Amino acid sequence: MKIGNLGLTKKGVSLVDKDGKILSFSTATNKIINRFAHYFLDLDLFLLWIIGYIPSHLIRKFFYLLSGIKLGRGSTFHMGARFYQPKNISVGDDTIIGDHAFIDGRAKVSIGSHTDIASQLMIYNSEHDLSDSAFKAIEEPVTIGDYCFIGPRVIIMPGVNIGNGAVVAGGAVVTKDVLGGSIVGGVPAKLIGERSLKKYQYKLGRPRLFQ
């Protein structure tokens with residue numbers, strides 16, 4: 001008989017996990033509590049996804065802040081954003097993130113100020129360890145600096161640090177750190193140039209309305 005990832009055996013009556021390992025009562029109880037906590041998180045993320053389609057930056061920002069996202073002055077997500085764990089996501093001031101962004105958040109994600117991010121960004125900071133017998137997850141933080149430009153459909157993988165003023169070309173898959181002021185592109189992303197502007201002091205301005 002299965003209860004989520006728990007089973008019942010009849011040598012006495014023992015609780016076992018999905019791999020057949022016998023669990024103590026306290027361990028089984030913690031697993032059950034943790035499972036229900038994940039159910040509530042899944043519901044929260046579903047509601048947050050629906051809220052992401054409300055055509056008002058002000059309303060979306062209110063609920064994003066309520067969910068635990070740290071969102072600085074003048075910063076916003078355009079419509080259709082999705083998250084896995086909002087409380088680990090922080091965004092600086094005057095940063096604009098394009099529509100249909102996906103930001104993981106199971107480890108910390110830090111996005112700086114005055115950074116312009118185009119549509120359909122994907123940031124992952126959790127991946128499976130292919131050499132682990134239990135296929136466990138490895139979680140590593142992702143950092144994007146100030147005054148960066150991230151092109152459309154960019155994928156940023158766990159553990160990546162993108163320095164201030166860096167540019168990532170559209171469609172790139174970033175698997176390694178990107179130095180500040182550099183321009184990278186490709187799959188996997190490689191250095192393709194350097195930004196001529198060395199002193200950054202601009203502001204992005206307002207996001208597009210009803211988007």
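The values are calculated or read from the model by the stated rules, or taken from the named source; none is laboratory data. Here the structure is a predicted model, which means the values were calculated and not measured. When we count neighbours, we look across all protein chains shown, and the Cβ atoms used for this are built from the backbone with ideal geometry, even at glycine.
Is there a residue in the stretch 129-138 that is within 21 Å of L45 (Cβ to Cβ) and of a type outside the set (A, V, I, L, M, F, W, C)?
Checking the stretch 129-138: not a single residue is within 21 Å of L45 (Cβ to Cβ) and of a type outside the set (A, V, I, L, M, F, W, C).
Check off (1) aliphatic (A, V, I, L, M); (2) modelled with pLDDT of 75 or more; (3) over 29 Å from Y84 (Cα atoms) for L43 and give me the number that stays unchecked.
Of the numbered conditions (1) aliphatic (A, V, I, L, M); (2) modelled with pLDDT of 75 or more; (3) over 29 Å from Y84 (Cα atoms), the odd one out for L43 is (3).
So how many residues does the stretch 167-201 have that are free of Cβ contacts under 8 Å to residues at least 60 places away in the same chain and either in contact with a Phe, Trp or Tyr (Cβ under 8 Å, 6 or more places away or on another chain) or assigned to a strand (DSSP E or B) (or both)?
Of the residues in that region, 14 qualify.
Answer yes if at least one residue in the stretch 131-139 is of a type outside the set (K, R) and crowded, with 23+ Cβ neighbours inside 10 Å, and no otherwise.
no
Could you grab me the full set of residues in the stretch 112-148 that are of a type in the set (A, V, I, L, M, F, W, C), farther than 22 Å from L209 by Cβ and either touching a residue at least 24 places away in the same chain (Cβ under 8 Å) or touching an Asp or Glu at 6+ places or on another chain (Cβ under 9 Å) (or both)?
Going residue by residue through the stretch 112-148, those that are of a type in the set (A, V, I, L, M, F, W, C) are 117-118, 121-123, 130, 134-135, 137-138, 142, 144, 148.
Right, trim to farther than 22 Å from L209 by Cβ and you get 122-123, 130, 134-135, 137-138, 142, 144, 148.
Selection gives M122, I123, A134, F135, A137, I138, V142, I144, C148.
Can G74 be described as under 18 Å from C148 (Cβ atoms), assigned to a loop (DSSP other than H, G, I, E, B) and small (G, A, S)?
The answer is yes for G74.
Is there a residue being modelled with pLDDT under 95 and not in a loop (DSSP other than H, G, I, E, B) anywhere in the stretch 139-148?
Checked the stretch 139-148: at least one residue is modelled with pLDDT under 95 and not in a loop (DSSP other than H, G, I, E, B).
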